[in-house]
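What follows draws every value from the coordinates through simple rules; no lab data is involved. Being a predicted model, the structure only gives us computed values, none of them experimental. Please note: Cβ atoms are built from the backbone with ideal geometry, for glycine as well, and neighbour counts cover all protein chains shown.
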Amino acid sequence: MGGKTNLALTKDTTAMATHRTKMLIIGSGPAGYSAAIYGARAMLEPIVVQGIQPGGQLTITTEVENYPGFRDVIQGPWLMEEMKAQAEHVGTKMIWDTIVDVDLEGGSPFRAVGDSGDEYIADSVVIATGAQAKWLGVPGEQELGGKGVSACATCDGFFFRGKKVAVIGGGNTAVEEALYLTNHSDDVTLIHRRAELRSEKILENRLMASDKITPLWNKTVESFEAGENGTLGHLVLKDTKTGETSTLEVDGAFVAIGHAPATELFKGKLEMDGGGYLVTEPGTPKTAIPGVFAAGDVMDHVYRQAVTAAGVGCMAALDAEKFLATLVFDEAGDEADTAAPQTEAAE
């Protein structure tokens with residue numbers, strides 16, 4: 001017989017599988033791995049679908065000095081490998097896949113589909129897909145990442161004590177970063193492409209009152225340039241009004257133009273705020289859907305630290321355990337209600 005081949009019918013499905021779990025964790029990193037550790041210890045047999053960047057943002061962070069429990073500086077990728085190994089040791093199943101669709105309607109059990117074609121059926125779900133810092137996308141930015149260029153002053157500002165630093169941006173994040181850096185540096189330059197800030201007025205007043213911060217208006221960063229030692233040496237700037245270029249020598253530069261939470265998958269399925277972060281019940285990781293929890297940078301646009309992400313991951317696992325216990329109780333109650341009339345009829 002002639003005709004076109006039906007690709008849908010000829011697709012190889014031998015590698016596809018269905019995974020059943022009490023707790024599905026979408027995404028890895030401090031939040032996901034911590035949820036997995038607590039979930040596994042509660043015998044929830046968690047599955048972690050690691051996503052496109054297993055370990056999250058810490059895998060591209062070189063030195064970590066503010067995670068509790070380590071006297072000396074540690075490496076971000078090493079910390080994530082240790083968390084992953086601990087989660088596996090207590091019973092977590094790690095799967096290298098990326099969730100591309102979720103069905104959260106109708107309540108537990110929930111359904112998710114991976115890029116691999118695998119299906120995941122879960123009684124509870126912990127979303128730990130994180131957020132990514134927004135970058136300028138100019139030459140030298142990625143090449144000098146961890147070598148003077150950063151997107152987190154709270155994480156890396158300590159390494160620039162007594163040095164000259166710059167912050168790029170004009171919103172709340174940039175102003176907060178600049179103010180924070182004055183704890184470590186007396187020479188902070190704030191570079192903004194406009195002539196006025198977009199931050200809250202109280203933050204702007206604090207910045208303008210600081211004798212350690214110099215605003216540089218109507219400037220964009222055209223490139224990050226390395227110095228003789230291979231680390232950041234200077235920035236190439238362009239005046240947005242005249243088009244003239246100039247250079248600014250700095251030891252460190254912090255890109256602070258915001259973060260983008262990885263929530264595209266959940267649009268129209270879970271409530272989000274104006275920035276795209278998942279909305280949870282205040283003080284908890286609970287979303288509006290019972291049994292679905294969010295932890296880490298995917299729901300936190302304030303702190304965005306590894307230790308806070310790990311803490312909320314723990315909370316998510318504990319809340320998931322309580323939620324699953326209510327499911328068992330309800331099922332037992334339903335069975336008892338069904339059996340009761342039979343007993344009365346026997347009498």
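In whole percent, what relative contact order does region 102-187 give with Cα contacts below 8 Å and a gap of six or more residues?
Numbers: 65 pairs, mean separation 15.3, N = 86.
Answer for region 102-187 is 18 percent.
If we count other beta carbons within 10 Å of each Cβ, what is the order of M315, M94, M23, fewest first? Walk me through the numbers before you get to the answer.
Details: M315 22, M94 19, M23 29.
By the 10 Å Cβ count, ascending: M94, M315, M23.
Using modelled amide H (1.01 Å from N, peptide plane; none on Pro or chain starts), what sits under 5 Å from the amide H of S185, excluding residues fewer than 5 places away?
G162
Using a 4.7 Å cut-off between beta carbons, which cysteines in the chain end up with no partner cysteine at all?
Cys with no partner Cβ under 4.7 Å: C314.
Quick one: what are the phi-derived ³J(HN,Hα) couplings along region 303-319, Karplus 6.51/-1.76/1.60 with θ = phi - 60°, whole Hz, x for glycine and proline?
Coupling constants for region 303-319: 8, 6, 10, 4, 6, 6, 4, 4, x, 6, x, 4, 4, 4, 5, 5, 5 Hz.
Is there a quick way to get the dipole size of region 149-255? I mean about its Cα centre, with the Cβ of Lys and Arg at +1 and of Asp and Glu at -1; what is the value in debye to the nearest 20? All intermediate terms of the calculation are to be shown ahead of the outcome.
Details: 12 positive and 16 negative charges, 59 e Å.
The calculation lands at about 280 debye.
Among 68-75, 37-44, 238-245, what's the highest-first ranking by average C-beta atoms within 10 angstrom per residue? Walk me through the numbers on the way to the answer.
Details: 68-75: 10.0, 37-44: 21.6, 238-245: 11.5.
Highest-to-lowest ranking by the protection proxy: 37-44, 238-245, 68-75.
Between E65 and I257, what is 0.36 nm times their sequence separation minus the Cα-Cα distance? Round to one decimal in nm.
Numbers: separation 192, 0.36 × 192 = 69.12 nm, distance 2.38 nm.
Value of the extension gain: 66.7 nm.
Here are some values of Rg/Rh (Cα atoms, Kirkwood Rh): (i) 1.09; (ii) 1.13; (iii) 0.98. Which one was computed from this structure?
After the calculation, the listed value that fits is (i).
For S246 and W135, calculate 0.36 nm times their separation in residues minus their Cα-Cα distance, and state this gained length in nm to one decimal.
Details: separation 111, 0.36 × 111 = 39.96 nm, distance 2.09 nm.
Difference between extended and current length: 37.9 nm.
Between K212 and R194, 0.36 nm times their residue separation minus their Cα-Cα distance comes to what? Don't skip to the end; give the middle numbers.
Numbers: separation 18, 0.36 × 18 = 6.48 nm, distance 2.05 nm.
Working it through step by step, the gained length comes to 4.4 nm.
Ranking F224, F323, F266 by Cβ neighbours within 10 Å, fewest first, what do you get? The partial results should precede the final answer.
Values: F224 26, F323 18, F266 22.
The fewest-first ordering by Cβ neighbours comes to F323, F266, F224.
Projecting each Cα onto the charge dipole of the chain (Lys/Arg +1, Asp/Glu -1 at the beta carbon, about the Cα centre), which of I257, P215, G291 comes out farthest on the positive side?
Final value for the positive-end residue is P215.
Please give the charge dipole size of the chain, origin at the Cα centre, charges +1 on K and R Cβ atoms and -1 on D and E Cβ atoms. Round to the nearest 20 debye. Display every interim value, and only then the final one.
On the way: 28 positive and 49 negative charges, 217 e Å.
The dipole of the chain has a size of about 1040 debye.
Residues with amide H under 5 Å of S223's amide H, sequence separation 5 or more or different chain, H placed in the peptide plane at 1.01 Å from N; which?
Residues meeting the amide H criterion: V236.
Pairing the Cα long axis of helix 76-89 with the longest principal axis of the chain, what angle in degrees results, from 0 to 90 and rounded to the nearest 10?
Taking the Cα atoms of the chain, the angle to 76-89 is about 10 degrees.
Checking the table K147/K219; K84/K322; K93/K286; K163/K212; K134/K212 against a 18 Å threshold on Cα-Cα, which pairs fail?
Details: K147/K219 23 Å; K84/K322 24 Å; K93/K286 23 Å; K163/K212 12 Å; K134/K212 26 Å.
Beyond 18 Å: K147/K219; K84/K322; K93/K286; K134/K212.
Go ahead and estimate [θ] at 222 nm for the chain from helices alone: -39,500 (n - 2.57) per DSSP H run with n ≥ 4, summed, over the residue count, rounded to 500. Can you show the working numbers first?
Numbers: 7 runs with 94 residues, N = 347.
Rounded to the nearest 500, the figure is -8500 deg cm²/dmol.
Report relative contact order for region 149-255 in percent, whole number only (criteria: Cα-Cα under 8 Å, sequence separation at least 6).
Numbers: 235 pairs, mean separation 32.5, N = 107.
Reported relative contact order: 30 percent.
Show the residues, 5+ positions off or on another chain, whose built amide H is closer than 5 Å to the amide H of Q75.
Long-range HN contacts for Q75: V64.
What relative contact order, as a whole-number percentage, does the chain give when Cα pairs under 8 Å and 6 or more residues apart are counted?
19 percent
Which whole-Hz ³J(HN,Hα) couplings does region 28-41 yield from phi under the Karplus relation 6.51 cos²θ - 1.76 cosθ + 1.60, θ = phi - 60°, glycine and proline marked x?
10, x, x, 5, x, 5, 5, 4, 5, 4, 5, x, 5, 5
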